Amino acid sequence: MLQTAGCYRFMKTLEDKKKVVDDYIQWYFIYRNHVSIQRFKEGLATLDFVNALEQHPSLFFSFMCYTETKLTADAVENIFHVQFSQPGSTNRQEEARVLSYWRDYLLYLEGIIYGYNYKKCAELSQQQIVR
């Protein structure tokens with residue numbers, strides 16, 4: 001790997017080792033991905049998104065940077081908007097039954113993850129729900 005990165009050289013001292021490690025880290029995180037990052041920027045530039053991102057970075061932080069968000073059962077339920085069939089139809093009855101199963105599933109997850117104490121059932125992470 002050091003040879004691929006162009007960092008392979010003879011080391012005489014501990015300081016030389018530190019330089020090699022620094023060079024390798026710079027190659028691994030910056031130069032190795034440079035082409036991919038450029039393509040990404042070009043793609044964002046097609047809609048002038050890069051310009052808006054540079055002018056208002058704080059507005060895009062929540063969309064462009066990872067943050068671990070905790071989801072409550074209510075928040076997960078509010079993501080989806082139910083569109084029922086006509087009242088009284090057999091489809092409507094089936095949809096109501098499926099919706100009750102979905103709500104029971106969310107409560108079940110809260111019970112497993114946080115115990116059966118409702119006060120502890122405050123938040124779920126996205127990864128726990130998807131499992």
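The values are calculated or read from the model by the stated rules, or taken from the named source; none is laboratory data. All values reported here derive from a predicted model rather than from experimental measurement. Cβ sites come from the backbone with ideal geometry, for glycine too, and all protein chains shown count toward neighbours.
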Do you know which residues across region 69-97 are under 33 Å from the mean Cα position of the chain (by Cα), surrounded by 12 or more Cβ atoms within 10 Å (Cβ to Cβ) and of a type in the set (Ser, Thr, Tyr)?
72
Long-range neighbours under 8 Å by Cβ, at least six apart or interchain, first residue among the charged types (D, E, K, R) within region 35-63, second in a helix (DSSP H, G or I) and surrounded by 11 or more Cβ atoms within 10 Å (Cβ to Cβ)
41/50
Hey, any hits in region 82-91 for a residue that's within 30 Å of residue 111 (Cα to Cα), at pLDDT 80 or above, in contact with an Asp or Glu (Cβ under 8 Å, 6 or more places away or on another chain) and not β-branched (Val, Ile, Thr)?
yes
In region 42-82, what residues are within 30 Å of residue 96 (Cα to Cα) and part of a helix (DSSP H, G or I)?
73, 74, 75, 76, 77, 78, 79
Restricting attention to region 24-74, the residues that are touching a helix residue (DSSP H, G or I) at 6+ places or on another chain (Cβ under 8 Å), at pLDDT 80 or above and charged (D, E, K, R) number exactly 1
